[in-house]
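Enquirer: Handing you this structure, nothing more for now.
The values are calculated or read from the model by the stated rules, or taken from the named source; none is laboratory data. Note that the structure is a prediction, hence the values are computed from the model and not measured. Cβ: placed from backbone, ideal geometry, glycine included. Neighbour counts: every protein chain shown. Quick note on the areas: whole protein, heavy atoms, side chains included, nothing else; ligands and nucleic acids left out. Shrake-Rupley method; radii C 1.70, N 1.55, O 1.52, S 1.80 Å.
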Protein chains: 2
Amino acid sequence: MSDQATTATPTSPPPAPSGPRPKVSNRGRNAVPISSSNSDTADIPEYDYFVAPGPRGYPPLTEYLDIWEVDMLKRPDETNKMEHHTSLYGSDFLIVRRGQEFQIKITFNRPYKPNEDKFAVEFVIGSSPEYSKGTYIPVFPTKERQSSWAGRVVDSSNNVVTMGITPAPDCHVGKYRLYVAVVTPYGIRRTRREKSRDVYILFNPWVAADAVFLDDEEERDECVMNEMGIIYHGAYDDVSERTWNYGQFDYGVLDACLYIMDRAEMPITNRGDPIKVARKASAMLNSRDDEGVLVGNWSGDYTYGVAPTSWTGSTEILLNYSSSKMPVCFAQCWVYAAVFNSFLRCLGIPARVVTNFYSAHDNNGNLKTDIILDENGRIDKKSTLDSIWNYHCWNECHMSRPDLPPGFGGWQAVDATPQETSDGMYRCGPASIQAIKHGQICFPFDAAFVFAEVNSDVVFYSRRRDGTLEPVKVNRAHVGRMILTKAPGLETSRDITEQYKFPEGSTEERTVMEKAEEYGCQREKSEFPEADVDLVLPSLEISVGDDFELSLEFINRSDQIRNVDAYISGSVVYYTGVSSADFLFKTPRVKIEPNSSESTVMQVRSESYMKQLVEQANLHFIVTGKVKETGQIVTAMKVVTMHNPKLSVKVSGMAKLSEEMTVTVEFTNPFSFNLEDVYVRMEGPGILPPKNKYYSLITAGSSLTWSEYFTPRRAGPTRVIASLDCPALRQVYGQESITIKP
Amino acid sequence: MSDQATTATPTSPPPAPSGPRPKVSNRGRNAVPISSSNSDTADIPEYDYFVAPGPRGYPPLTEYLDIWEVDMLKRPDETNKMEHHTSLYGSDFLIVRRGQEFQIKITFNRPYKPNEDKFAVEFVIGSSPEYSKGTYIPVFPTKERQSSWAGRVVDSSNNVVTMGITPAPDCHVGKYRLYVAVVTPYGIRRTRREKSRDVYILFNPWVAADAVFLDDEEERDECVMNEMGIIYHGAYDDVSERTWNYGQFDYGVLDACLYIMDRAEMPITNRGDPIKVARKASAMLNSRDDEGVLVGNWSGDYTYGVAPTSWTGSTEILLNYSSSKMPVCFAQCWVYAAVFNSFLRCLGIPARVVTNFYSAHDNNGNLKTDIILDENGRIDKKSTLDSIWNYHCWNECHMSRPDLPPGFGGWQAVDATPQETSDGMYRCGPASIQAIKHGQICFPFDAAFVFAEVNSDVVFYSRRRDGTLEPVKVNRAHVGRMILTKAPGLETSRDITEQYKFPEGSTEERTVMEKAEEYGCQREKSEFPEADVDLVLPSLEISVGDDFELSLEFINRSDQIRNVDAYISGSVVYYTGVSSADFLFKTPRVKIEPNSSESTVMQVRSESYMKQLVEQANLHFIVTGKVKETGQIVTAMKVVTMHNPKLSVKVSGMAKLSEEMTVTVEFTNPFSFNLEDVYVRMEGPGILPPKNKYYSLITAGSSLTWSEYFTPRRAGPTRVIASLDCPALRQVYGQESITIKP
């Protein structure tokens, strides 16, 4: 190696700098920074001259029309908020919806002369206002200067002009600053920035021109205006409910929702598109990738946060996130779905929480969930049952889909629960429900993944000695058994399975499956002769701590005797299908006469499962067996969600606006063991902010009573919801409905 | 507020723990962890008994067939690597491609008896091997046990069996561990793990059953096998080249590519799907979101890393990332595209780098780029020119698209350059080029975004006094002017514009635009009468430091006299279109006779721009003007990329395998100023690993000479590439081609 240089000599490079890497600027990339925060502001000047200063300086523009006062007409009982369905928001600001007129009153120093005076109401959002980006919008009261936002003089009397303003139905959603500008021959003169004149502009499901238009009064009332939700869980044949306070109108929640988009650095210019807003939020509601709102935890250990089963509403979570600017601990699927629902309803996107019973999960969008049996038909516990959740909650939001061919607008599935293999990212949707129903899963976003959640087959394999597997049975009806959401206006559930799937066994269903396979879904193609023996596990409704009987029925539909070697296992599982511990194992041989049935009854004593129970108190029974005469494999599976004790919630008092009332929560430990580290929570929309109390010990058989005074701030029907949660006993709920008189 | 409890008393909750939040386990969510690392291994047992131990322990399985030796036949000159096109990989392991047979030799303790002996060759990948997930694959030599991987005995003589193995054409891509297992009546007995028997299985563009099949020998040779690349840049009418060493076969590069997927925690089960691999890599090649390979920097200040213009190949970057496990500093678009190309070719996915001249960027997938003029037609410098890059590089990779309707397979655009507004995430593609050409931009992934990059209109607006804008001119031909890639087998470029777009003005083009608008793209709809005056800026080829003339031609196509008030501005810009400084401004009034033309000539002296130059030495000229007689707006824009001085690279010696040679790089500072902090780099595929040298000062007019000895390790044509880079002078390149004789 040799170096020569006439004058230039190689030397050692300068030492590498230590310490954290400096932030790289984008000087060579963007002339103007991209505005991605609604809380950033850049003021626009009070004076904008068209002319150079003369010998005596700039001409005094105040000689022209002068602005004395601007009244935002923002009281909850004034027309703006009433007409825009925003009266319920706890907020000191004007909140309106796009594509619909609102009014403000401007007081000038003299009567307004339409032919001489020229003024505009200007709206500014973000730090880089630009007319062409829709982040600076001047609205004129005259016809010839109409931009996408319309303006008109509604009334002009004395010095006061009532100005009607209709924001474009596709304008950015967020908090705008408002100025009134007077245009003179020499320049423009504006009002100074006044915080109290800020305006929130939201999505508008009430107007047809808005992409979130929902043409059904009852559904709008439910999916935009209702704060009180019911989220279904448990088992399809024994459905349980969680009541949830979405709190979308609570003080601070709207700002928290805007903060979420700011935190995601979502460009302001994307915030008028409900597809982009919903997609971004599905990523931001979970903390993966982006320090989003909620930390997922399925471990059973919630020492360092609030157990997912303990929350009763979204308000505390959203306010906590926006004030601490740190992800909130902890969530599981229904918490993600509930808080996501609050976010969507708060911004004006119609939204609901849906629950899919037996939901295929983390299976990479394929239509197969494998269960592996040994040569005798006994289930291999290390198999992949964990990819079927007992239930899974996600959201639907309502919007048009101009990015897709016609027919795929309407309800869209979005999911904020971080899934391991949804395109490798922790977000999902919006996926058109119509596209899912028709197997058109080639369209964005993540339709194939949601399709698999409701349509996967359960494939049973027999494992041979040499390690290879042979498919022996397919259950095409287990997954996606039922999809529920709250019925609009009612306290009951609505079965929306038919919105996701054609009926089992129909021609349409077969066509849809073929379509999905065309788009790359993999299915098990083998066909298996139907066994002539059926196994039936009964539906069970039992409470935690009960002894109970499990009766397994064997039905022989053949004309010959059948002998079945059965393996019956019962295990305690998480709601995700993951098995925690076994408490039952039987291997009966059952002989069944031709065309008759035979039952095996097993006694289950509470001691056998109580010590093993994990949070949602689910028992999973799996029966597999081999028919001796035919070699056919028969199977049955069932999840039993045991019922927990309830909290007693009692409200007393006048139930009248601004009159003090009392709520009392009572609980008696019904078990023979102590409960430790117990949290009790309660809240009620419009009447009681979230409160919680900690009890270090509730001994066996003892009780707690907790009373709180509160003063209703809003009339109408509402509820108090309470939860009790401790490591040994989770998801104990109670509630009481009341109607507050005005 | 009151509390009562018979025995349970509320107490203070335990203090919140301090310190970092503990890692949350997924115990309740996944029974078996999801395997997402190819470097994690879990051994499978040496003995797998079918039977319980007898009184004397387990039966000694060694009495059956015993395995003495396994020969992987992995030398570069043996059939396996020759047939599988993997001889060039610098690796001690067997590397083969899926869907194609390779052979290994197994030596037993006695001759193999097909009717008595039962054995399998087992392949295992990742830490949770499972047959049903394709992460554990036993391959049998007999017909009746064929899984998706085929096996056969090719030859059996004495104790040696030559076994042919054909991996499934859709198997996971990565590094497998290999075992030979003998099946006896009592159990299975395996070889112990032996690192030297690990096998890399890659994508296979040579077989029709693989999703990456490319049915063109010449294209395969280029897009899989060629290490030496040419990346185009500069201006569409004065194209420059960068030579790049992709280095996909260099020692350690294949492992670095697998590490990138491990680092992304990409599930092993996704790694057989080229769509998922390409999409994941487009996210991982940049450091945003995920601590990926390359840190983008467009600031002009590269003090804390290597300037993007200084790199000459991918090897150094990939090896640096996999050894330091830290993102590498710094990249701009061609560096992302080049390293992405290395990754794709290394794994066997056909790939090429393409350059789009005048590429619309960061514009949110819309088809409009706005330029704002004042009332006189003069450009507003604060406008959004920065959303048209002089050029932008991305990648195309070749694969079928089973997730889309038929017709969208083939070349797919992928882009690793982090874009601000591509669906809010820092990744892009794969987007079907066919879908882009036909406006079918509703299909994943990010097709609308790439469509906008090549199809956006430039819309000129006139800004009115009151702040509103009026569109005055649309240029539909500026963006996506030309798309180039290296021609296969040649050293020249290939114009592939017609693969992205129908000809300007054709019926098909109009149909495609309408289609794209159906899918939500926004365009400027106003039509403007064609001006009867044209402005023409000439093509210019000039070198840094030249004085030159800029001649602007005004052509009057009308029968009347035309007067034009023109604004001519010249600025120094980054390649991203961001303006750094102005060096020229003229406002001529030009009178043009009917049906004739008039030229204005401006002298540009080097002093006026030299001090202002930024890295890629681009000058941007914009002319706008207003025709006095008609009020029409006329415009012209042109980027001139000035040519830099060259490095001299000279190779001397025998040019014969394993014979020492010398390379000498020479450079003379042609400027009147000193160059400081100068890095010189050189490398040559197969002959010279990347080397660099630092010179603190090269004074005006002085020279450097740097010689290195090297010993060719491979025969065939190759090159030495060198670069010189310092803050005052970037992207100085030189190269020399040589052919090494065997």
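Enquirer: When the residues of the range A:50-105 are narrowed to those that are at pLDDT below 95 and β-branched (Val, Ile, Thr), which ends up surrounded by the most Cβ atoms within 10 Å (Cβ to Cβ)?
Expert: It comes out as A:Ile67.
Enquirer: Let me ask something else. Restricted to the range B:445-465, and to residues that are farther than 30 Å from B:Lys626 by Cα and open to solvent by 20 Å² or more (accessible area, probe 1.4 Å), which residue is farthest from the other protein chains (Cβ to nearest Cβ)?
Expert: Only one residue tops the list, namely B:Asp446.
Enquirer: Which one of A:Asp559, A:Asp495 is loosely packed, with under 13 Cβ neighbours inside 10 Å and touching a Leu at 6+ places or on another chain (Cβ under 9 Å)?
Expert: Within the list A:Asp559, A:Asp495, the selection yields A:Asp495.
Enquirer: Here's something else I'd like to know. Please verify whether A:Ala516 is crowded, with 19+ Cβ neighbours inside 10 Å and more than 30 Å from A:Lys628 (Cα to Cα), treating the condition exactly as stated.
Expert: yes
Enquirer: Let me ask something else. Out of curiosity, is B:Ser658 assigned to a strand (DSSP E or B), at pLDDT 90 or above, hydroxyl-bearing (Ser, Thr, Tyr) and not assigned by TED's automatic domain parsing to the domain that holds B:Tyr461?
Expert: Against the criterion (assigned to a strand (DSSP E or B), at pLDDT 90 or above, hydroxyl-bearing (Ser, Thr, Tyr) and not assigned by TED's automatic domain parsing to the domain that holds B:Tyr461), B:Ser658 does not qualify.
Enquirer: Kindly provide the set of residues from the range A:205-223 that are over 11 Å from A:Gly348 (Cα atoms), outside any loop (DSSP other than H, G, I, E, B) and in contact (Cβ under 8 Å) with a residue 60 or more places away in the chain, ordered by number.
Expert: Hits for the range A:205-223 are A:Glu218, A:Glu219, A:Asp221, A:Glu222.
Enquirer: OK, next. Based on what the data block shows, is A:Val639 more than 30 Å from A:Glu553 (Cα to Cα) and touching a strand residue (DSSP E or B) at 6+ places or on another chain (Cβ under 8 Å)?
Expert: no
Enquirer: For B:Arg605, indicate whether it is modelled with pLDDT of 90 or more and under 30 Å from B:Cys726 (Cβ atoms).
Expert: Answer is yes for this residue.
Enquirer: Would you mind finding the one in A:Thr269, A:Thr312 that is more than 17 Å from the chain's Cα centre (by Cα) and not hydrophobic (A, V, I, L, M, F, W, C)?
Expert: A:Thr269
This table checks each residue for (1) within 19 Å of B:Asn30 (Cβ to Cβ); (2) at pLDDT 95 or above; (3) assigned by TED's automatic domain parsing to the domain that holds A:Ile483; (4) open to solvent by 10 Å² or more (accessible area, probe 1.4 Å).
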position	(1), (2), (3), (4)
A:Ala413	no, yes, yes, no
A:Gln419	yes, no, yes, no
A:Gly429	no, no, yes, no
A:Gln440	no, no, yes, yes
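Enquirer: Now for a separate question. Here is a list of conditions, (1) touching a strand residue (DSSP E or B) at 6+ places or on another chain (Cβ under 7 Å); (2) more than 10 Å from chain A (Cβ to nearest Cβ); (3) open to solvent by less than 10 Å² (accessible area, probe 1.4 Å), and B:Ala168 meets all of them except one; can you say which number that is?
Expert: So B:Ala168 meets the others, but not (1).
Enquirer: While we're on this one: Among the listed residues B:Thr485, B:Thr507, identify the single one that is polar (S, T, N, Q) and either in the same structural domain as B:Val623 (by TED's automatic domain parsing) or free of Cβ contacts under 8 Å to residues at least 40 places away in the same chain (or both).
Expert: It is B:Thr507.
Enquirer: Can you list the strands (runs of 3 or more DSSP E) found entirely within the range A:665-742 that contain at least 1 residues being open to solvent by 50 Å² or more (accessible area, probe 1.4 Å), free of Cβ contacts under 8 Å to residues at least 40 places away in the same chain and in contact with a strand residue (DSSP E or B) (Cβ under 6 Å, 6 or more places away or on another chain)?
Expert: The qualifying strands (runs of 3 or more DSSP E) are A:688-698, A:716-726, A:729-740.
Enquirer: Can you name the residue in the range B:468-500 that is in contact with a helix residue (DSSP H, G or I) (Cβ under 6 Å, 6 or more places away or on another chain) and not hydrophobic (A, V, I, L, M, F, W, C) and, of all such residues, is farthest from A:Gly187 (Cα to Cα)?
Expert: Among residues in the range B:468-500 that are in contact with a helix residue (DSSP H, G or I) (Cβ under 6 Å, 6 or more places away or on another chain) and not hydrophobic (A, V, I, L, M, F, W, C), the one farthest from A:Gly187 (Cα to Cα) is B:Gly489.
Enquirer: Within the range B:343-353, is even one residue within 14 Å of another protein chain (Cβ to nearest Cβ), modelled with pLDDT of 85 or more and either open to solvent by less than 20 Å² (accessible area, probe 1.4 Å) or in contact with a strand residue (DSSP E or B) (Cβ under 6 Å, 6 or more places away or on another chain) (or both)?
Expert: Checked against the condition, which is being within 14 Å of another protein chain (Cβ to nearest Cβ), modelled with pLDDT of 85 or more and either open to solvent by less than 20 Å² (accessible area, probe 1.4 Å) or in contact with a strand residue (DSSP E or B) (Cβ under 6 Å, 6 or more places away or on another chain) (or both), the range B:343-353 yields no hits at all.
Enquirer: Still on this structure, please answer the following. Out of (1) crowded, with 24+ Cβ neighbours inside 10 Å; (2) at pLDDT 85 or above, what's the single condition that is false for B:His361?
Expert: The number of the failed condition is (2).
Enquirer: Here's something else I'd like to know. How many residues does the range A:615-647 contain that are farther than 21 Å from A:Glu549 by Cα and either in a loop (DSSP other than H, G, I, E, B) or small (Gly, Ala, Ser) (or both)?
Expert: Of the residues in the range A:615-647, 8 are farther than 21 Å from A:Glu549 by Cα and either in a loop (DSSP other than H, G, I, E, B) or small (Gly, Ala, Ser) (or both).
Enquirer: Then there is this: Inspect all residues belonging to the range B:401-414 and state whether any of them is basic (Lys, Arg), within 14 Å of another protein chain (Cβ to nearest Cβ) and either over 30 Å from B:Met225 (Cβ atoms) or not in a strand (DSSP E or B) (or both).
Expert: Checked the range B:401-414: at least one residue is basic (Lys, Arg), within 14 Å of another protein chain (Cβ to nearest Cβ) and either over 30 Å from B:Met225 (Cβ atoms) or not in a strand (DSSP E or B) (or both).
Enquirer: Which condition breaks for A:Ser156 when tested against (1) without any contact (Cβ under 8 Å) to a residue 12 or more places away in the chain; (2) assigned to a strand (DSSP E or B); (3) among the small types (Gly, Ala, Ser)?
Expert: Condition (1) is where A:Ser156 drops out.
Enquirer: Let me ask another. Residue by residue through the range B:658-690, note down the ones that are more than 21 Å from B:Pro727 (Cβ to Cβ) and within 11 Å of chain A (Cβ to nearest Cβ).
Expert: Across the range B:658-690, the qualifying residues are B:Thr662, B:Val663, B:Thr664, B:Glu666.
Enquirer: So is B:Asp273 within 14 Å of chain A (Cβ to nearest Cβ) and over 30 Å from B:Ile738 (Cα atoms) or not?
Expert: Considered against the rule, which asks whether it is within 14 Å of chain A (Cβ to nearest Cβ) and over 30 Å from B:Ile738 (Cα atoms), B:Asp273 comes out as yes.
Enquirer: Still on this structure, I have one more. Within the range A:150-165, work out how many residues are of a type in the set (A, V, I, L, M, F, W, C) and surrounded by 20 or more Cβ atoms within 10 Å (Cβ to Cβ).
Expert: Here the count works out to 3.
Enquirer: Search the range B:282-315 for residues being more than 8 Å from chain A (Cβ to nearest Cβ) and of a type in the set (A, V, I, L, M), and hand back the single one that is surrounded by the fewest Cβ atoms within 10 Å (Cβ to Cβ).
Expert: This residue is B:Val306.
Enquirer: Which condition breaks for A:Ala655 when tested against (1) closer than 28 Å to A:Asn226 by Cα; (2) in contact (Cβ under 8 Å) with a residue 40 or more places away in the chain; (3) within 14 Å of chain B (Cβ to nearest Cβ); (4) out of contact with any Pro (no Cβ under 7 Å at 6 or more places or on another chain)?
Expert: (3)
Enquirer: May I pose another question? Scanning for something within 12 Å of another protein chain (Cβ to nearest Cβ), touching a helix residue (DSSP H, G or I) at 6+ places or on another chain (Cβ under 7 Å) and closer than 20 Å to B:Glu316 by Cα, does the range B:691-708 turn up at least one residue?
Expert: Within the range B:691-708 (the criterion being within 12 Å of another protein chain (Cβ to nearest Cβ), touching a helix residue (DSSP H, G or I) at 6+ places or on another chain (Cβ under 7 Å) and closer than 20 Å to B:Glu316 by Cα), the answer is no, since none of the residues qualifies.
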